[in-house]
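The values are calculated or read from the model by the stated rules, or taken from the named source; none is laboratory data. All values reported here derive from a predicted model rather than from experimental measurement. Counting neighbours? That spans all protein chains shown, and the Cβs are built from the backbone with ideal geometry, glycine included. Ligands, DNA and RNA are excluded from the accessible area calculation, which covers all protein heavy atoms including side chains. Shrake-Rupley method; radii C 1.70, N 1.55, O 1.52, S 1.80 Å.
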Amino acid sequence: MDYFRNIVLVAAIAGAIAGLGMTVAQQLTTVPLILKAEVYEQGAGAPAHDHGDQAAASAHSHGEAASGAAEEEGWAPADGFERTAFSVAANIVTGIGFALLLIAASELFGGIKDWRQGVFWGLAGFAVFTLAPGLGLPPELPAMPAAELAPRQLWWVATALCAAIALGLLVYQRSLVAVLAAIALLVVPHLIGAPQPASFATPIPEGLHHSFVVAVVVTTLLFWVLLGGMAGLFRGRFVHAS
Amino acid sequence: MSMLPTKFAGGANDAAIALTTARVISIFAAALLGIFIVGGVGFSHIEAVHNAAHDYRHSMSFPCH
């Protein structure tokens, strides 16, 4: 039980630190771009949020589209402090969640020895959770068209899982079969293809989207490197002793 | 309970910490907790949860809306 407690403790510390770091990076880079995109979203109105389903479109808008939007939307944090506070909370909580996944995976293979090895585990997390799913489903801004949510989430999770297994095979198995299986696991999700919207028409300027993709990739890279490094650093202090 | 492989794959200078069944159960419990947390914040279809973590979801490039 001590072992479980120590994993959670290390995840909580590493996740909180990486989550806070991520919040700062997001407030400086991605969030201003999201706010800019929401101006275009307001200008475009409901059709910009069409997911190929007119009925769902209005319910999916961000509350700016038409009258009565508040009832359709449900509760949302007020812009400014409240919105930022919820982003901080989301970053820290999911930071701890990702830390639990990272530490659990690494413990199966002997645990992260030090912060340097943690950086490489973090890079693996970046490849699994950002690069692999992001190839098929690039970061998107509000008011950008997308396919139905549930199939995209399923594809995202399946692609991340395939990438995680593939990396495990590549690093910890030595046979040619394992390498071929790993490559197949990396390629197949993209042969199947991520769910795409019927039309890519959007009021968002391409330059804005490009800046956003770069900002997301760089901030998540920092997040994962920090998370892995911190997990390695604190694992040595807590898990080793148990 | 039975023992799983008793050496970690990369454990050169961290030799022979047993990956016992109890440890494996702890590891999977931790992973499940992680999946539950990330799934709840990043993938929930509940509108209020989506709105609260909206900027986070976009910034992490989770499927959104």
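Here is a yes/no grid of residues against (1) in a helix (DSSP H, G or I); (2) away from chain B (no Cβ under 12 Å); (3) in contact (Cβ under 8 Å) with a residue 24 or more places away in the chain; (4) within 20 Å of B:His65 (Cβ to Cβ):
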position: A:Leu191; (1), (2), (3), (4): yes, yes, no, no
position: A:Ser199; (1), (2), (3), (4): no, yes, yes, yes
position: A:Val218; (1), (2), (3), (4): yes, no, yes, no
position: A:Met230; (1), (2), (3), (4): yes, yes, yes, no
position: A:Phe234; (1), (2), (3), (4): yes, yes, yes, no
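Within segment A:201-216, restricting attention to residues that are open to solvent by 10 Å² or more (accessible area, probe 1.4 Å), in a helix (DSSP H, G or I) and among the β-branched types (Val, Ile, Thr), the residue that is farthest from B:Ser59 (Cα to Cα) is A:Val214.
Of all residues in segment B:21-45, none that is at positive phi has its Cβ atom under 7 Å from the Cβ atom of a residue that is of a type in the set (Phe, Trp, Tyr) and open to solvent by less than 70 Å² (accessible area, probe 1.4 Å), 6 or more apart or on another chain.
If I filter segment A:60-99 down to residues being of a type in the set (S, T, N, Q) and assigned to a loop (DSSP other than H, G, I, E, B), which single residue comes out as modelled with the highest pLDDT? Only one residue fits best here, namely A:Ser61.
The set of residues in segment A:73-99 that are within 7 Å of chain B (Cβ to nearest Cβ) and either under 15 Å from B:Ile46 (Cβ atoms) or open to solvent by 50 Å² or more (accessible area, probe 1.4 Å) (or both) comprises A:Glu73, A:Gly74, A:Trp75, A:Ala76, A:Pro77, A:Phe86, A:Ala90, A:Val93.
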